[in-house]
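Written below as structure tokens is the structure these notes are about.
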Amino acid sequence: MKAIRFSKAGGPEVLVLQDIELPPPGPGQVRVRHTVIGVNFIDTYQRSGLYPVPLPSGLGMEAAGTVEALGENVRTPKMGDRVAYCSGPLGAYAEANNVAADRVVKLPGAISDEVAAASLLKGMTAQYLLKRTHPLQRGETILFHAAAGGVGLIACQWAKHLGATVVGTVGSESKVALAKANGCDHVLNTRESDWSKKLRELTGGKGVPVVYDSIGKDTWAGSLDCLAVRGLMVSFGNSSGAVPAFEPGILSAKGSLYLTRPTLMSYTRDAQELQATADDLFDVIGSGAVKIAVHQRFKLAEARQAHEALHSRNTTGATVLIP
């Protein structure tokens with residue numbers, strides 16, 4: 001079968017389409033024949049070496065498709081079931097992949113394969129951020145970075161649905177309208193040096209109880225400046241690079257702040273928690289409160305171009321590969 005592989009860490013140019021043999025699924029595994037593959041920023045971290053992986057390696061953690069083979073001791077899902085997964089193992093950038101049966105979720109009829117592959121990782125991330133890391137309260141004002149990105153478009157719609165006043169950030173003026181159309185009441189441009197000051201002005205000087213930051217290095221200091229006393233900094237990504245080392249005393253100096261660095265795996269620890277998180281996502285999509293926008297589609301062989309598009313920061317919404 002065809003699969004994207006890379007043998008050294010580096011830029012998008014290290015991604016190569018190869019013919020490989022996929023062994024039969026092992027005990028507790030299922031083989032998923034992919035119809036749509038999700039592309040996420042974590043893929044670029046693994047490819048670049050920011051998150052080191054054993055090499056040579058496949059890439060990609062998210063896809064949707066159909067179960068076409070079962071390993072030993074697998075009772076669910078069944079042959080022919082429509083499923084999706086987003087927690088690995090690495091190798092979703094391929095025509096098929098063997099996945100632990102307890103890490104796939106069943107898809108309801110109302111959710112298409114493309115919507116599932118475009119939203120599962122990003123949407124479940126939004127779910128745990130908004131409902132469990134900091135359970136949003138109606139009437140709260142929040143700051144969500146990268147509001148026009150994959151997670152941001154879902155999370156801002158969802159936060160607005162939950163009754164929050166949403167302040168989103170974008171990296172260019174061209175994305176302002178998109179962010180406003182997807183749940184943001186106010187939009188700030190982080191390319192402008194005074195964006196954190198403007199946030200303070202919007203909140204009457206108080207700041208916000210929570211900042212959701214997937215950008216990392218470039219927004220770290222400004223994000224801390226946006227928090228209210230005892231506010232929570234949720235650092236869940238590094239699209240601009242890793243957050244630099246800092247003295248914990250800065251948290252006390254800026255108002256006894258809290259900091260968390262959550263991951264989806266910690267919020268989907270077993271099959272039941274995983275399916276419940278996915279079902280909550282599918283329910284809010286099915287209700288129409290959250291719409292999934294797939295704005296970039298590439299062929300599997302064009303994975304390099306997909307990564308180049310992500311790095312350009314000109315993408316909006318979700319990006320997918322079609323095997």
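Can you run the Rg to Rh ratio on segment 66-128? Use alpha carbon positions and the Kirkwood inverse-distance Rh. Don't skip to the end; give the middle numbers.
Working: Rg = 11.8 Å, Rh = 12.5 Å.
Radius of gyration relative to Kirkwood radius: 0.94.
May I ask you to list the trypsin sites (Lys or Arg not before Pro) in segment 35-81 that are in a DSSP loop and have at most 15 other Cβ atoms within 10 Å of their Cβ?
On the way: sites: R47, R75, K78; in loops: R75, K78.
Sparse-neighbourhood loop trypsin sites (Lys or Arg not before Pro): R75, K78.
Of all the C-alpha pairs in segment 115-232, what % are more than 24 Å from each other? Write out the running numbers ahead of the final one.
Working: 1103 of 6903 pairs.
Tail of P(r) above 24 Å: 16 percent of Cα pairs.
So what is the relative contact order for segment 1-108, in percent, with contacts set as C-alpha pairs under 8 Å and at least six apart?
On the way: 256 pairs, mean separation 36.4, N = 108.
Dividing the mean separation by the residue count of segment 1-108 yields 34 percent.
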Exercise. Using the charge dipole of segment 138-261 (Lys, Arg: +1 at Cβ; Asp, Glu: -1 at Cβ; taken about the Cα centre), state which of C184, S172, A245 has its Cα farthest towards the positive end.
Key: C184
Practice problem: Please arrange I154, I111 by counting, for each residue, the other beta carbons lying within 10 Å of its beta carbon, fewest first. | Solution: I111, I154
Practice problem: List H295, H307, H145 from most exposed to least, where exposure is judged by having the fewest other Cβ atoms within 10 Å. | Solution: H295, H307, H145
Quiz item: Summing Lys, Arg as +1 and Asp, Glu as -1, what charge do residues with Cβ under 15 Å from the Cβ of P262 carry, P262 excluded?
Solution: +3
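Do you know the relative contact order of the chain, to the nearest whole percent, from alpha carbon pairs under 8 angstrom that are 6+ apart? Provide the component values of the computation, followed by the final result.
On the way: 722 pairs, mean separation 57.4, N = 323.
The value is 18 percent.
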Self-check item: Coarse-grained scattering of the chain at q = 0.09, 0.14 Å⁻¹, given as base-10 log I(q)/I(0) from a Debye sum over alpha-carbon atoms
Solution: -0.45, -1.07
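For segment 1-67, which GluC sites (Glu not before Pro) are in a loop by DSSP, counting at most 10 other Cβ atoms within 10 Å? Don't jump to the answer; show the numbers that get you there.
Numbers: sites: E13, E21, E62; in loops: E21.
Listed in order of number, the matching sites are E21.
Pick out, in residue order, every one of the chymotrypsin sites (Phe, Trp or Tyr not before Pro) in segment 246-305 that is DSSP loop and has at most 13 other C-beta atoms within 10 Å; say none if there are none. Could you put the intermediate results ahead of the total?
Working: sites: F246, Y258, Y267, F282, F298; in loops: F246.
Sites meeting the loop and neighbour criteria: F246.
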Quiz item: Karplus couplings for segment 235-249 from phi (6.51 cos²θ - 1.76 cosθ + 1.60, θ = phi - 60°), rounded to Hz, Gly and Pro as x?
Solution: 9, 10, x, 9, 4, 9, x, 5, 5, x, 4, 8, 7, x, x
Practice problem: Name the residue, out of E247, E72, E201, whose mean-square fluctuation peaks in a Gaussian network model built on the chain with Cα pairs under 10 Å. | Solution: E247
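Give me the net charge of L50's neighbourhood, meaning all other residues with Cβ under 12 Å from the Cβ of L50; Lys, Arg count +1, Asp, Glu -1.
Within the 12 Å Cβ shell, the charges total +1.
Using Cβ counts within 10 Å as a stand-in for footprinting exposure, how do L15, L90, L121 rank, fewest first?
Values: L15 22, L90 16, L121 25.
Ordered from fewest to most neighbouring Cβ atoms within 10 Å, L15, L90, L121 come out as L90, L15, L121.
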Practice problem: Report, for the chain, the % of DSSP beta bridges that are antiparallel, rounded to 5. | Solution: 55
Quiz item: Once Lys and Arg get +1 and Asp and Glu get -1 on their Cβ, which of V229, C156, A303 lies farthest toward the positive end of the dipole of the chain?
Solution: V229
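Relative to the compact globular guide of 2.2 N^0.38 Å, what is the alpha carbon radius of gyration of segment 216-266, as a ratio? Write down the numbers at each step before the final one.
Values: Rg = 11.0 Å, N = 51, 2.2 N^0.38 = 9.8 Å.
Expressed relative to 2.2 N^0.38 Å, the Cα Rg reads 1.12.
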Exercise. Just report the Cα centroid separation between segment 47-104 and segment 9-28, whole Å.
Key: 11
Exercise. Using Cα pairs closer than 8 Å and at least 6 residues apart in sequence, work out the relative contact order for segment 138-261, in percent.
Key: 20
Quiz prompt | Share of Cα-Cα pairs in segment 246-298 lying beyond 19 Å, as whole percent | solution = 60
Quiz item: Using just the C-alpha positions of segment 192-315 as equal point scatterers, what log10 of I(q)/I(0) does the Debye formula give at each q in 0.09, 0.15, 0.17 1/Å?
Solution: -0.39, -0.99, -1.13
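None of the figures in this text is laboratory data; all of them are computed from the coordinates on show. Quick caveat, the model's predicted, so the values are computed rather than measured. Positions of Cβ are backbone-derived with ideal geometry, glycine not excepted, and every protein chain shown enters the neighbour counts.
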